[in-house]
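Have a look at the structure below before the remarks.
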Amino acid sequence: MAAVINSKNEELSTKVIDMLKTCYDPEIPVDIWELGLIYEVNVNETNDVVVTMTLTSPSCPVAESLPVEVEQKIKDLEGVTSARIELTFDPPWEKEMMSEVAQLELGFM
């Protein structure tokens, strides 16, 4: 499942995606973008950013810290007015949501 990108500022949405690729679930050596944990990235005309994401499971050990880390990193990007993470478990994450890069890295292909 590829993330949905809704953007009024393509340059800023590219920066957000590049930043997401620097965030890792500490138990899995693949970034959250390639893992398929990002469902949607929205950047509006005033550069407010809302990212809808999930975790590998509701009981994930980083459930409290990872969304906060991601939100702070987005807020720190130049040009971002505000940032918010919306955490969802619908649909639940499945390994098929990973990119081919992630599946290769983790030995699923």
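Every number here is computed from the coordinates shown, using simple stated rules; none is lab data. Computed from a predicted model, the values in this text were never measured in an experiment. Positions of Cβ are generated from backbone atoms using ideal geometry, with glycine treated the same way; all protein chains shown enter the neighbour counts.
Among the residues of region 1-37, write down those that are surrounded by fewer than 16 Cβ atoms within 10 Å (Cβ to Cβ) and touching a Phe, Trp or Tyr at 6+ places or on another chain (Cβ under 8 Å).
Met1, Val4, Lys21
Among the residues in region 3-11, are any under 28 Å from Met109 (Cα atoms), β-branched (Val, Ile, Thr) and under 15 Å from the mean Cα position of the chain (by Cα)?
yes
Inside region 30-54, can you point out the residues that are small (Gly, Ala, Ser) and within 16 Å of Lys73 (Cβ to Cβ)?
none
Please list, ordered by first then second residue, the pairs with beta carbon atoms under 7 Å, 6 or more apart or interchain, first in region 1-29 and under 14 Å from Lys75 (Cα atoms), second among the polar types (S, T, N, Q) and surrounded by 13 or more Cβ atoms within 10 Å (Cβ to Cβ).
As it stands, the answer is Leu12/Asn47; Ser13/Ser7, since those pairs meet every condition given.
Among what's in region 38-85 and is of a type in the set (A, V, I, L, M, F, W, C) and touching a residue at least 60 places away in the same chain (Cβ under 8 Å), pick the residue that is surrounded by the fewest Cβ atoms within 10 Å (Cβ to Cβ).
Only one residue fits best here, namely Leu77.
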